[in-house]
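A short write-up of the structure that comes next.
The values are calculated or read from the model by the stated rules, or taken from the named source; none is laboratory data. These numbers come from a predicted model, not from an experiment. Neighbour counts are summed over all protein chains in view; Cβ atoms, including those assigned to glycine, are modelled from backbone coordinates with ideal geometry. Accessible surface is based on the protein model in full, side chains and every heavy atom, while ligands, DNA and RNA are left aside. Shrake-Rupley method; radii C 1.70, N 1.55, O 1.52, S 1.80 Å.
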Amino acid sequence: MLAGVLGALLFLTVVTVITGSTYLWGMDLAIAMVIATIKATLVATIFMHLRWDKSFHAFAFIGSVLFVGVFLAYTLTDTGQYQNDIRKYSADRAASSPFAQPLPAPIAGHHGDHAEDGHSDDENHDHDGDGHADH
Amino acid sequence: MTTASADGHGHGDGHHDHPKHLAHHFDTLEQQFESSKLGMWSFLLTEVLFFSGLFVVYATLRANNPEIFSFASNFLNTSLGAINTVVLLISSFTAAMAVRNAQLGETSKLKMNLIITLLCAFGFMGIKYMEYSHKYHSGLLFPGKANAEFAEGETSASLFHPTHPMVPHAGHHDADYLMLKEYTDHMSPAERVHTMETLGRFFGIYFFLTGLHGVHVIIGIIVITWLLKRASTGEFGPDNFTAIDLGALYWHLVDLVWIFLFPLLYLIA
């Protein structure tokens, strides 16, 4: 029983990786969420014993998920009306932002030995060039 | 059993006229078990609500910037994410098996399943470390403070910093940067500013979601280690498996959160 559920979960993981990397006429998110919900249901009902447990536990758990749905739905219904303000905020500061110009090319020159690429030295902090775009 | 509280002084012989694992304030083992379980489920539903705030932030950002989110997921390594999903699913299975072992009093199998669960948890964090360190070196970090002070020529560690964005050295962790440059080169200034700001927010929510989940994994490691220590005394059996049951419930919740995080972050087509 438990091994069968593990098999189903692994199978669904493969399915979601495949569908996630394929164009599905804009239905990608919906399909990914349906698969994730099936996986979550398997874990909750079998691994977490909700199928045999007191129904109140399932009621409470599903209740919390429903309230997350309410939270999501209410937030998403009015988020659209602030987007113009956010865009305008970005646009207003565009002149002073380094991103108003195309990103500069990576800093040329020899930085350390490339043979040790992937080493964990703090190369992010010790720029001595002025490669960043300060206008 | 009603006399149990009367001779509460000293743990003499008369004290043990109730099942070994029954606390005094419960009437029966059954009642004690159900109370613990109700408490655990109450905790789990607060955990769902705890994570929900971050999921709502994610949904809001994505709903308004779908194409930027689609681009951003290119920076995440799908293979590592998928491996971590498999690792967590296997650990969830062994945790469920551990509950079964405890119920049947199979101590050695119980210990084995707890150890596998623990190894998977460490494996998950190891892969997480690889992902995080790659992002750190590439500058794929949350933007940081706009008014932070920088010395002359110094930059932030983040590509998305609003005033001092990092620029990598050629040939040194610059693959992600070049992809980003190509994507933004043809944009209008306002569009580029908006895109870079939104990408910064994407990595902000990425690190908060996976980071909060990672903290849960670390807590899970502590809990499972404690369970393993108790299991090695052979104390778990048919009339005493509550701790294993509740520990496994917590671990399954960690798995549940990841089941949603993986497609939402790594698999945006």
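Laid out as a table, the results:
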{"item": "Residue B:197 without any contact (Cβ under 8 Å) to a residue 24 or more places away in the chain and on the phi < 0 side of the Ramachandran plot", "result": "no"}
{"item": "Residue in segment A:34-46 that is surrounded by 14 or more Cβ atoms within 10 Å (Cβ to Cβ), in contact (Cβ under 8 Å) with a residue 40 or more places away in the chain and of a type outside the set (Phe, Trp, Tyr) present", "result": "yes"}
{"item": "Filter result for residue B:28 (at pLDDT below 85, more than 19 Å from the chain's Cα centre (by Cα) and more than 30 Å from residue B:203 (Cβ to Cβ))", "result": "no"}
{"item": "Selected residue (criterion: nearest to residue B:73 (Cα to Cα)) from residues of segment A:16-29 that are at pLDDT 90 or above and in contact with a helix residue (DSSP H, G or I) (Cβ under 6 Å, 6 or more places away or on another chain)", "result": "A:17"}
{"item": "Filter pass, residue B:212 being touching a Phe, Trp or Tyr at 6+ places or on another chain (Cβ under 8 Å), open to solvent by 10 Å² or more (accessible area, probe 1.4 Å), more than 26 Å from residue A:26 (Cα to Cα) and in contact (Cβ under 8 Å) with a residue 60 or more places away in the chain", "result": "yes"}
{"item": "Count of residues meeting criterion [in contact with a helix residue (DSSP H, G or I) (Cβ under 6 Å, 6 or more places away or on another chain) and at pLDDT below 95] in segment B:102-139", "result": "1"}
{"item": "Of all residues making up segment B:169-196, the number that are out of contact with any Leu (no Cβ under 8 Å at 6 or more places or on another chain) and under 14 Å from residue B:137 (Cβ atoms)", "result": "6"}
{"item": "Residue count, segment B:72-96 (criterion: of a type in the set (S, T, N, Q) and over 15 Å from the mean Cα position of the chain (by Cα))", "result": "6"}
{"item": "Filtered residues of segment B:133-150 (kept if at negative phi, surrounded by 16 or more Cβ atoms within 10 Å (Cβ to Cβ) and free of Cβ contacts under 8 Å to residues at least 24 places away in the same chain)", "result": "B:136"}
{"item": "Any pair with Cβ under 6 angstrom, 6 or more apart, that starts in segment B:48-70 at a residue that is within 7 Å of chain A (Cβ to nearest Cβ) and ends at one that is of a type outside the set (Ser, Thr, Tyr) and surrounded by fewer than 19 Cβ atoms within 10 Å (Cβ to Cβ)", "result": "B:52/A:68; B:52/A:71; B:56/A:71; B:56/A:72; B:59/A:72; B:63/A:76; B:64/A:83"}
{"item": "Residues located in segment A:1-33, provided they are part of a loop (DSSP other than H, G, I, E, B), free of Cβ contacts under 8 Å to residues at least 24 places away in the same chain and open to solvent by 40 Å² or more (accessible area, probe 1.4 Å)", "result": "A:21, A:22, A:23, A:25, A:26, A:27"}
{"item": "Number of the exception - residue B:239 against (1) on the phi > 0 side of the Ramachandran plot; (2) open to solvent by 20 Å² or more (accessible area, probe 1.4 Å)", "result": "(1)"}
